[in-house]
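Each remark here refers to the structure printed beneath this line.
The values are calculated or read from the model by the stated rules, or taken from the named source; none is laboratory data. Note that the structure is predicted; figures quoted are calculated from it, not measured. Note: ideal-geometry Cβ built from the backbone for every residue, glycine included; neighbour counts use all protein chains shown. Quick note on the areas: whole protein, heavy atoms, side chains included, nothing else; ligands and nucleic acids left out. Shrake-Rupley method; radii C 1.70, N 1.55, O 1.52, S 1.80 Å.
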Amino acid sequence: MHTALLGLLGLALLGALRAQDTIPVQTDFQQDKLTGRWFSIGLASNSNWFKEKKPLMKMCTTVISETADGNLEVTSTYPKGDQCEKRNSLYTRTEQPGRFSYTSPRWGSKHDIRVVETNYEEYALVATQISKSTGTSTMVLLYSRTKELSPERLERFTQFSREQGLADEEILILPRTDKCMSDAA
C-alpha cells in the first residue's frame, strides 16, 4: 500500500514536470527588445491569491529594464484602493533565452517564467509556473505596449490560458483604468 502511494506520487510529480516542459519559449528571444513600458491587459491564474483579488484587479503598468549582469528588473505599478503600489522583482535569466527564475522574498515561492511569444512592439504573452510549500499554480500574463489590443490577441491569450488548464473563470481581461498610469514611465 505504502509503495503504491509513493508510486502514484512519483507519477504525479513526473506529470507536473512534463507539463512545465510543454510551455514554449519565444524562438530567437531578444531580451533587449522586451525592455520598456508595458500595460498588463490580461491575467489568468488558478492561485488562491488570484481568486481572492480578482474582483479588485485593474490594468497596471510594468517597466522592464535590463540589469548590468543581464537579468531583468521588473517594476509593476498598480492601483490599490486610493493609492498606487509598486512591486519590484528581479527575474534571473536561465540558460534558455526567454526563460527566467524568481523567488519571492515575501512568500518564498519559486517562479519559472517564460516569454511564450512576443513581437516586442505590440504584445507579449508570459507564462509562469509557481511552486511553494502549499502546492503549484499557473499564471499567464498578457502585456501590451498600449492600453488596447486587437480581439485576435485577446483571444490568443484566452486560448493559451485554457491550454495551460485554466478555466474561463480563472481568466481575466483587466478593466482599463487611467489610475497609476502616468507615474510608471
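As an exercise, find the ratio Rg/Rh for the range 87-160 from alpha-carbon atoms, using the Kirkwood inverse-distance average for Rh.
My calculation puts Rg/Rh at 1.01.
Only helices enter the 222 nm calculation for the chain: every DSSP H run of n ≥ 4 contributes -39,500 (n - 2.57), and dividing by all residues gives -7000 deg cm²/dmol, rounded to 500. Taking only Cα atoms, what is the 0 to 90° angle, nearest 10, from helix 151-163's long axis to the longest principal axis of the chain? Once rounded, one gets 20 degrees.
Here the dipole of the range 23-173 is about 500 debye; that uses its Cα centre as origin and unit charges on the Cβ of Lys and Arg (positive) and Asp and Glu (negative). One decimal place: the segment Leu56-Thr177 gains 42.4 nm when fully extended, by the rule 0.36 nm per residue minus the C-alpha distance. Think of it this way: in the chain, Cys60 stand alone, with no other Cys Cβ under 4.7 Å. The apolar share of the surface of the range 23-173, taken as the fraction of accessible area on carbon and sulfur atoms (1.4 Å probe, ligands and nucleic acids excluded), comes to 48 percent.
Global dimensions of the chain from alpha-carbon coordinates: Rg and Dmax equal 17.0, 60 Å.
Accessible surface computed residue by residue for the chain, with neighbouring protein chains in place and a 1.4 Å probe, gives 58 Å² per residue.
Pairs Lys54/Lys86; Lys33/Lys80; Lys110/Lys147: which are spaced more than 26 Å apart, C-alpha to C-alpha? Over 26 Å Cα-Cα: Lys33/Lys80; Lys110/Lys147.
Ordering of 41-49, 72-80, 150-158, 102-110 by packing is 41-49, 72-80, 150-158, 102-110, highest average first (other Cβ atoms within 10 Å, averaged per residue).
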